[in-house]
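First up is the structure itself, then whatever we jot down about it.
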Amino acid sequence: MKLIRRNVLAIVSAVCVAFLSPQLAAKTFKMALGDAAGGTQWELGETFAETLKEKTDGKVTVDLFPNGQLGTEQDTVNNAAIGLLDFSVLAINNVTPFSPTVGLLTMPYVIQSAAEAKLLTQGDIGKELVDNTLRDAGVRIVGWAYSGFRVLTNSKRPVRTPEDLKGMVIRVPRNEIMIASYQALGVNPTPMAWSETFTGLQQGVVDGQDNPYITIAAMKFNEVQKYVTNIRYIFSLEPLIVSEAVFQEQSPEIQKAILEAGQAATEHSYEFLLATEDRIKKDLAAKGMEITEPANNEKEWIDSITTVVWPKFYESIGGKEKLDNALNLLGR
Ligand code: MLT
């Protein structure tokens, strides 16, 4: 009888620990990644997962699901917003439709280096965008991948000027600023989800696209694209988002660990980019990609895009002063 009572007590206390002290219970989160393993999204996600595990003494783990297995990047924002998904790493351009003010980070030719991308995301402007995303989209940005400039690839011919793009079908994310940028170059772009892009390029539905070197390599785009134009119109920032509904269910200890792990993963991402991008670019060239510099220091690209696109999106990013503040911070 005593033994039974002791066993019952043990079971009851185990159940209490599991239900009343979530910080002590083991937990596995799911994290969606739009890209394949090996890219900047993966580096951010993996470092985050390792750090979170370490900070919670192995109680909180994260399983990574690359290659859009958990849906298109834009779907993952919706799913996280309603608490169906815990975490996602995705390109900021795929967050903009849910929280237009983050369009500031995809305004073309604003960020001109990795250091500027860091400055913009880590200071007051970045904090305001994180708050706006939480308010508008129900997801909290807890880390950033710094992925490098989105260079243009295509399967047809070397491109040095916007004129060279005539007649090509270029895939763009479903992002108004990026669509308008190509239209300003005289191209009619085709919006397509990221998860469909490799197949679209492979089957010739589209001729080209833009993404950073590390992403191109992780996605093996070199197998279906030959020409690269080294444009620098958008520096790719890829936030790690957590569902706010899920975040609020966690104990203060786990919330703190999530925020700290996000910061550690962000630091790692920056170092990874600086240490890796050049090597990847050389690897892609060695594998047969032909890399071309835009003519005249990219002047025609910059002029055509900025004069049309910037004014068109002042309102959606919260007013012209938002862009002015960013340029000011960047010393321009
Ligand atoms: C896109 O082009 O949709 C994204 O930038 C791709 C990515 O997440 O790497």
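Observations, loosely collected:
- Counting only residues that are free of Cβ contacts under 8 Å to residues at least 40 places away in the same chain and crowded, with 17+ Cβ neighbours inside 10 Å, segment 114-129 holds 2 of them.
- Enumeration of residues in segment 200-233 that are more than 15 Å from the ligand (Cβ to nearest atom), out of contact with any strand residue (DSSP E or B) (no Cβ under 8 Å at 6 or more places or on another chain) and among the basic types (Lys, Arg): none
- Of all residues assigned to segment 139-153, none qualifies as being open to solvent by 30 Å² or more (accessible area, probe 1.4 Å), without any contact (Cβ under 8 Å) to a residue 40 or more places away in the chain and away from the ligand (no atom under 14 Å from the Cβ).
- Filtered residues of segment 59-75 (kept if more than 21 Å from Ser99 (Cβ to Cβ) and open to solvent by 40 Å² or more (accessible area, probe 1.4 Å)): Lys59, Asp63, Phe65, Asn67, Gln69
- If you go through segment 234-264 and keep only what is closer than 23 Å to Gly138 by Cα, of a type outside the set (S, T, N, Q) and within 16 Å of the ligand (Cβ to nearest atom), you end up with Leu237, Glu238, Pro239, Leu240, Ile241.
- Extreme residue, modelled with the highest pLDDT, among residues of segment 185-194 that are surrounded by 14 or more Cβ atoms within 10 Å (Cβ to Cβ) and not in a loop (DSSP other than H, G, I, E, B): Thr190
- Filter pass, Thr197 being within 13 Å of the ligand (Cβ to nearest atom), surrounded by 18 or more Cβ atoms within 10 Å (Cβ to Cβ) and assigned to a helix (DSSP H, G or I): yes
- Checking each residue in segment 42-63 for being assigned to a helix (DSSP H, G or I) and among the acidic types (Asp, Glu) picks out Glu43, Glu46, Glu50, Glu54.
The values are calculated or read from the model by the stated rules, or taken from the named source; none is laboratory data. If you're wondering where the values come from, they're calculated on a predicted model, not measured in any experiment. Ideal geometry is used to build each Cβ from the backbone, glycine not excepted, and the neighbour counts take in all protein chains shown. Each accessible area value is taken on the protein alone, full model and side chains, heavy atoms only, with ligands, DNA and RNA left out. Shrake-Rupley method; radii C 1.70, N 1.55, O 1.52, S 1.80 Å.
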